[in-house]
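To start, the structure itself, in structure tokens.
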């Protein structure tokens with residue numbers, strides 16, 4: 001493939017998305033409890049922000065059909081998905097209301113917690129920032145769970161895995 005150079009304008013959004021896809025990311029599922037029941041959304045825009053205080057962030061698209069459920073949530077859990085959870089990640093990407101395929105339970109704050117993920121960050125909302133067509137959701141981490149295993153990775157529109165050497 002040849003090298004492409006361009007200015008990221010609205011008419012170059014496909015090329016911009018392809019360039020962003022060159023960066024492999026982990027796959028996460030964010031869950032929250034709403035008045036209508038548990039909700040989930042699959043995201044790859046998760047990153048650490050600060051160790052002290054313990055802050056992480058993820059980005060929520062304003063055009064997402066789950067925007068209302070997550071833009072107002074005060075408590076949520078971010079799950080780093082294991083390679084064997086690819087199907088579950090895809091199902092939550094398509095439908096954030098159906099938890100019938102998931103093994104989960106709610107914590108004392110009502111946050112839905114998925115079983116068998118590699119890590120889970122139980123958060124309360126620290127800050128929310130407008131950023132173009134997304135909201136940056138900064139969470140203060142209340143509790144963490146993690147284990148060893150193969151992580152689910154997403155790059156250039158494809159899923160793959162990464163093996164821990166620990």
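Read-outs: derived from the displayed coordinates by stated rules, not from any lab. Every value quoted in this text rests on a predicted model; they were computed, and no experiment measured them. Note that each Cβ is placed from the backbone with ideal geometry, even for glycine, and that neighbours are counted across all protein chains shown.
Below, the figures for the structure above:
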| item | result |
| --- | --- |
| Relative contact order (%) - criterion: Cα under 8 Å, at least six apart; region: the chain | 26 |
| Theoretical FRET efficiency, 1/(1+(r/R0)^6), r = Cβ-Cβ of residue 87 and residue 136, R0 30 Å, to 0.05 | 0.55 |
| Sorted by Cβ density within 10 Å, fewest first, the residues 104, 58 | 104, 58 |
| Length added when fully stretched, residue 124-residue 63, from 0.36 nm per residue minus Cα-Cα | 19.7 nm |
| The chain: most fluctuating residue of 133, 52, 107 per GNM, C-alpha cutoff 10 Å | 52 |
| Exposure proxy order (Cβ contacts within 10 Å, fewest to most) of 147, 120 | 147, 120 |
| Inter-part distance where the stretch 112-129 and the stretch 20-75 are each reduced to a Cα centre, Å | 8 |
| Spin-label model distance (nm) - residue 19 vs residue 95, 7 Å beyond Cα toward Cβ | 3.8 |
| Residue exposure sequence - 30, 43 - by fewest surrounding Cβ within 10 Å | 43, 30 |
